[in-house]
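Below is one structure; the comments refer to it alone.
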Amino acid sequence: MVSVATTAESNQQNVDFECVGNHFILPDGSTSLGATHGAIVVDEAGKIYCSMDSGDHGLLVYNAAGKPVDAIAPGLTGIHGMCIERERDQQFIYAAHLAGQQVLKLRLDGSVVWAIKGPPTESGKYNDGSKYKPTAVAVGPNGDVYVADGYGSNWIHRFDKDRNYIRSFGGRGKDNGQFQTCHGLALDTRGGKPLLLVCDRENRRLQHLDLNGNFVAVIAEDLRRPCAVAFHGDYVAIAELEGRATVLDGSNKIVAHLGDNPDRKQWANFNVPTDAWQDGIFTAPHGVAFDATGNLLIMDWNRAGRLTRMNRSATAE
């Protein structure tokens, strides 16, 4: 293993991770995964679902040991953002399908439960539906579905659990509650009140909004183009497109930078070849997830497809 964590000097906590080199095995007969420009989620059994941008299936499934065990969601390549939710006795994957301009609810076998196709015309935000480019999805405590049009209009749209449109909020801008590429979206339940956490990528910040879309706070600034977030207990991990991942604690203080790439030419570079990769050094972190024990899984935006596992050190408290 290669230690790649830099614990923030101003914080007393010790949060260390080590890179597990070559953890993820290529599928039989493959010389590369294929383009990765999406997300990772982990189910309660420890299976890891990785969205793919090429091939015949939308999701490649790994077990916790890094062995590919399935390829599901045929015809649904180009899923960009995902979250996984338990509903009664089942788990479901909610997916922002960028390539299909739709939001999907999937069973864990990849079959489609329902789809919200195209932009909500009721919003009055779209004269041209082709400009709708959903990048992220989150689900509220009551089942409401939030969809971020991060590559399009920068509105976040809210639907109820029956897919009825409720409202839109945000829009393009630099003011609080506005976005320049609302790329990632997640439900933050670390506090007493659930909030939406938005990766406002080109404004280089994370914003908290309440579930009605009202601005609450900017919780992190001066980031390297944040793409996605994941939670484990009080910690939040941030995938930053410019060659780094960052971990915040429950007070939203930085406690670690991970895989910080000293070569700026590799930052946010889709075309970094496999022979230029270094274990534990990221090029373009785009998707991030924690497993049940607090280990991190990172997906780089890369033409050959790059996945990395980082084990949380046994010394971390």
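Once the range 161-177 is narrowed to residues that are part of a loop (DSSP other than H, G, I, E, B) and touching a strand residue (DSSP E or B) at 6+ places or on another chain (Cβ under 6 Å), the residue that is nearest to His97 (Cα to Cα) is Arg163. Taken together, Ala239, Ala256 contain a single residue that is closer than 18 Å to Arg201 by Cβ, assigned to a strand (DSSP E or B) and of a type in the set (A, V, I, L, M), which is Ala239.
Scanning the range 11-33 for residues that are buried (at least 19 other Cβ atoms within 10 Å of the Cβ) and more than 14 Å from Thr308 (Cα to Cα) returns Val15, Asp16.
When Arg167 is tested against (1) touching a residue at least 24 places away in the same chain (Cβ under 8 Å); (2) in contact with a Lys or Arg (Cβ under 7 Å, 6 or more places away or on another chain); (3) within 23 Å of Ala230 (Cβ to Cβ); (4) of a type in the set (Lys, Arg), only condition (3) is not met.
Taking the numbered list (1) in contact with an Asp or Glu (Cβ under 6 Å, 6 or more places away or on another chain); (2) surrounded by fewer than 19 Cβ atoms within 10 Å (Cβ to Cβ); (3) of a type in the set (Lys, Arg) in turn, Arg244 passes all entries but (2). Pairing each residue of the range 188-206 that is in a loop (DSSP other than H, G, I, E, B) with any residue that is of a type in the set (Phe, Trp, Tyr), provided the two are 6+ apart or on different chains, yields C-beta distances under 7 Å for Arg190/Phe231.
The criterion of at least 2 residues that are of a type in the set (Val, Ile, Thr) and in contact (Cβ under 8 Å) with a residue 24 or more places away in the chain is met, among strands (runs of 3 or more DSSP E) falling completely within the range 12-106, by 40-42, 79-87. Screening Gln278 on (1) surrounded by fewer than 21 Cβ atoms within 10 Å (Cβ to Cβ); (2) within 25 Å of Val137 (Cβ to Cβ) shows it passes everything except condition (2).
Looking across the range 142-164, the residues that are touching a residue at least 40 places away in the same chain (Cβ under 8 Å), in contact with a Ser or Thr (Cβ under 8 Å, 6 or more places away or on another chain) and not charged (D, E, K, R) come down to Ala148, Gly150, Tyr151, Ile156.
The criterion of being touching a strand residue (DSSP E or B) at 6+ places or on another chain (Cβ under 6 Å), buried (at least 24 other Cβ atoms within 10 Å of the Cβ) and on the phi > 0 side of the Ramachandran plot holds for Gly259. Each residue in the range 127-161 was checked for being buried (at least 24 other Cβ atoms within 10 Å of the Cβ), under 12 Å from Leu196 (Cα atoms) and touching a Cys at 6+ places or on another chain (Cβ under 7 Å), and 4 of them qualify. When every residue of the range 117-134 is checked against the conditions, none turns out to be more than 23 Å from Cys182 (Cα to Cα) and over 16 Å from the mean Cα position of the chain (by Cα).
No value in this document is a laboratory result; all are computed from the given coordinates. Quick caveat, the model's predicted, so the values are computed rather than measured. Every residue, glycine as well, gets a Cβ built from its backbone with ideal geometry; the counts of neighbours run over all protein chains shown.
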